[in-house]
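Peer 1: I have a structure I would like to understand better, so I am pasting it below and will then ask my questions one at a time.
The values are calculated or read from the model by the stated rules, or taken from the named source; none is laboratory data. Keep in mind that what you see is a predicted model, and the values were worked out from it rather than measured. Here the Cβ is made from the backbone with ideal geometry for all residues, glycine too, and neighbour counts use every protein chain on show.
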Amino acid sequence: MNQTTRTRSTQEWQRADAAHFLHPFTDFQSLARKGSRIITRAEGIYLHDSEGHKILDAMSGLWCVNVGYGRQELVEAATRQLQELPFYNAFFQTATPPAIELAELLAEVTPPQFKHVFFSGSGSEGNDTVVRMVRRYWDLLGQPQRHVIISRKNAYHGSTMAGASLGGMGGMHAQGGLPIPGIVHMEQPYWHELGRGLSRDEFGRVAAGWLEAKILEVGADQVAAFIGEPVQGAGGVIVPPETYWPEIQRICDKYGILLVSDEVICGFGRTGQWFGCERFGTRPDLMTFAKGVTSGYIPLGGVMVGDRVANVLIERGGEFNHGYTYSGHPVACAVAVANIRLIQREGLVERVRDDTGPYLAECFDALRDHPLVGEVQTCGLMGAVLLVKDKASGAPFPEALELGMVCRGHCFGNGLVMRAVGDRMIIAPPLVMTRAQIDDMLVLIRRALDLTLADAQ
Ligand code: PLP
């Protein structure tokens, strides 16, 4: 950015933005009417906008800035690599030191079944790779009819054709003829909507049982894999009952189907373990990652490939006809190595597990006394607060009120980024957040809830 562009006014930015920039997941006309908020810089857990506001970023950008903003180690790693070798590909039996170093480091920090990685540029591309790889695996084993992948309603697995198909978002399927063939969906483990009347543990087993029902409906010999986020993120930070994942694992084992853990949000410390599968006790065969691998400083994603799949691909596969220009991009990989080393050095995963995660859970629990709050859930450093009309029955407000959006507006107005998924208000702050900063955030959340309550009456 040169000096002239830096000194544009907010209105000038907004005019140019609306005239040329089609934003993701955005109603273009509404954006043109209201104008974007222009974020100009950030440090730690705070953003600054073009109007001079300081905003606590309780969403880590988009679930990704795990180490917080302004970390010089990452800037220096990128700069060094840009100067030395800004790009080379990994296609024709070539590799670069940062990509090899990152592959080695990922094998170290992920569960022991993962010794291999396939790099992509994003989480969506990672999940496209999953679809290709899962089907290739069963082809190589002489079972090409095993091509169906089971996912869940309200899951989010990205926005490419395969990613959006794996996801279970009705609004995405309604545009562009999705899902693609061979992808089916079952209900999500959302106790508040589907399990009231059962204990959470009972519901967890029931909800996992829907996988077995779906396998039998599709035909056990047709099913290739099950994919799920350990905690559904974009679906509203839906933390499953503790009984859910062990039962899912048991069912996958029983039918021999592959288990894919989408760790794009849950990976790299978010849940208080390095990976969500470790928090919930599963042994996935494939694991998608992105976001936290570089703390969002530069795009990078990929798939960790467990021994079961890797051995077949390597020993029997021949050429795997799949890859991206930016698979193993050296600058992205150099930043990822610096980012992971930083997470290790500062003990951020342990800090979330032993200190800030439990403290956030305590603070969120205390929100239960608020008249609007029907449910709170946390897992590591993510959390959700559900706004309800009636606390006893859990009855929702009319959808047309869009109370979640009202609350989000009050958050913004008071210097806090919190996201609304329907009437579920969610957070996933940077893992460097301190207890004192959690206290500050809670003051802002309570203020937004009070203002929202006044609007709802
Ligand atoms: N998987 C999950 C669980 C996600 O939350 C996301 C993005 O939010 C994706 C996949 C897609 O990642 P990307 O936006 O990098 O393509």
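Peer 1: Do any helices (runs of 4 or more DSSP H) entirely within region 238-326 hold 2 or more residues that are in contact (Cβ under 8 Å) with a residue 60 or more places away in the chain, and if so, which?
Peer 2: Ranges flagged: 276-280, 307-316.
Peer 1: Continuing with this model, one more query. Considering region 212-237 alone, what residues qualify as being assigned to a helix (DSSP H, G or I), of a type outside the set (V, I, T) and touching a helix residue (DSSP H, G or I) at 6+ places or on another chain (Cβ under 6 Å)?
Peer 2: E212, A220 - these are the residues of region 212-237 that are assigned to a helix (DSSP H, G or I), of a type outside the set (V, I, T) and touching a helix residue (DSSP H, G or I) at 6+ places or on another chain (Cβ under 6 Å).
Peer 1: Of the residues F268, F275, F203, F226, which single one is buried (at least 24 other Cβ atoms within 10 Å of the Cβ), over 15 Å from the mean Cα position of the chain (by Cα) and not charged (D, E, K, R)?
Peer 2: Selected residue: F226, the only one of F268, F275, F203, F226 that is buried (at least 24 other Cβ atoms within 10 Å of the Cβ), over 15 Å from the mean Cα position of the chain (by Cα) and not charged (D, E, K, R).
Peer 1: So, one more: List the helices (runs of 4 or more DSSP H) inside region 122-198, counting only whole elements, that have at least 3 residues being farther than 29 Å from E242 by Cα.
Peer 2: 123-140, 170-173
Peer 1: List the helices (runs of 4 or more DSSP H) inside region 1-100, counting only whole elements, that have at least 1 residues being surrounded by fewer than 13 Cβ atoms within 10 Å (Cβ to Cβ).
Peer 2: 3-6, 10-20, 28-34, 72-84
Peer 1: Does S159 satisfy the condition of being surrounded by fewer than 24 Cβ atoms within 10 Å (Cβ to Cβ) and either of a type in the set (F, W, Y) or under 20 Å from G276 (Cβ atoms) (or both)?
Peer 2: no
Peer 1: More than 18 Å from the chain's Cα centre (by Cα), within 15 Å of the ligand (Cβ to nearest atom) and closer than 15 Å to W210 by Cα - does that describe any residue in region 142-149?
Peer 2: Scanning region 142-149, I find at least one residue that is more than 18 Å from the chain's Cα centre (by Cα), within 15 Å of the ligand (Cβ to nearest atom) and closer than 15 Å to W210 by Cα, so the answer is yes.
Peer 1: Would you mind stating whether V417 is touching an Asp or Glu at 6+ places or on another chain (Cβ under 8 Å) and at pLDDT 95 or above?
Peer 2: Yes, satisfied.
Peer 1: Right, another one. Give region 246-267 a look and list any residue that's touching a Lys or Arg at 6+ places or on another chain (Cβ under 8 Å) and within 13 Å of the ligand (Cβ to nearest atom), or say none.
Peer 2: Within region 246-267, V264, I265, C266, G267 meet the criteria.
Peer 1: Taking the options A224, A155, A162, name whichever one is at negative phi, within 16 Å of the ligand (Cβ to nearest atom) and touching a strand residue (DSSP E or B) at 6+ places or on another chain (Cβ under 7 Å).
Peer 2: Step by step, each of A224, A155, A162 is checked, and only A155 is at negative phi, within 16 Å of the ligand (Cβ to nearest atom) and touching a strand residue (DSSP E or B) at 6+ places or on another chain (Cβ under 7 Å).
Peer 1: So, T110, is that one crowded, with 21+ Cβ neighbours inside 10 Å, under 21 Å from the mean Cα position of the chain (by Cα) and more than 12 Å from the ligand (Cβ to nearest atom) or not?
Peer 2: yes
Peer 1: Would you mind stating whether S124 is within 16 Å of the ligand (Cβ to nearest atom), of a type in the set (S, T, Y) and farther than 20 Å from C266 by Cα?
Peer 2: Answer is no for this residue.
Peer 1: Let me spell it out: the conditions are (1) under 28 Å from C64 (Cα atoms); (2) surrounded by 15 or more Cβ atoms within 10 Å (Cβ to Cβ); (3) away from the ligand (no atom under 15 Å from the Cβ), and P240 meets all of them except one. Which number is the exception?
Peer 2: (3)
Peer 1: So, one more: Would you mind finding the one in G394, G306, G374, G317 that is more than 16 Å from the ligand (Cβ to nearest atom), closer than 30 Å to G163 by Cα and more than 22 Å from the chain's Cα centre (by Cα)?
Peer 2: From the options G394, G306, G374, G317, the qualifying one is G317.
Peer 1: Based on what the data block shows, is G347 away from the ligand (no atom under 16 Å from the Cβ), modelled with pLDDT of 95 or more, surrounded by fewer than 24 Cβ atoms within 10 Å (Cβ to Cβ) and more than 28 Å from T378 (Cβ to Cβ)?
Peer 2: In short, no.
Peer 1: Restricting the search to region 379-420, which residues are of a type outside the set (A, V, I, L, M, F, W, C) and crowded, with 23+ Cβ neighbours inside 10 Å?
Peer 2: Hits for region 379-420 are G380, G383, G404.
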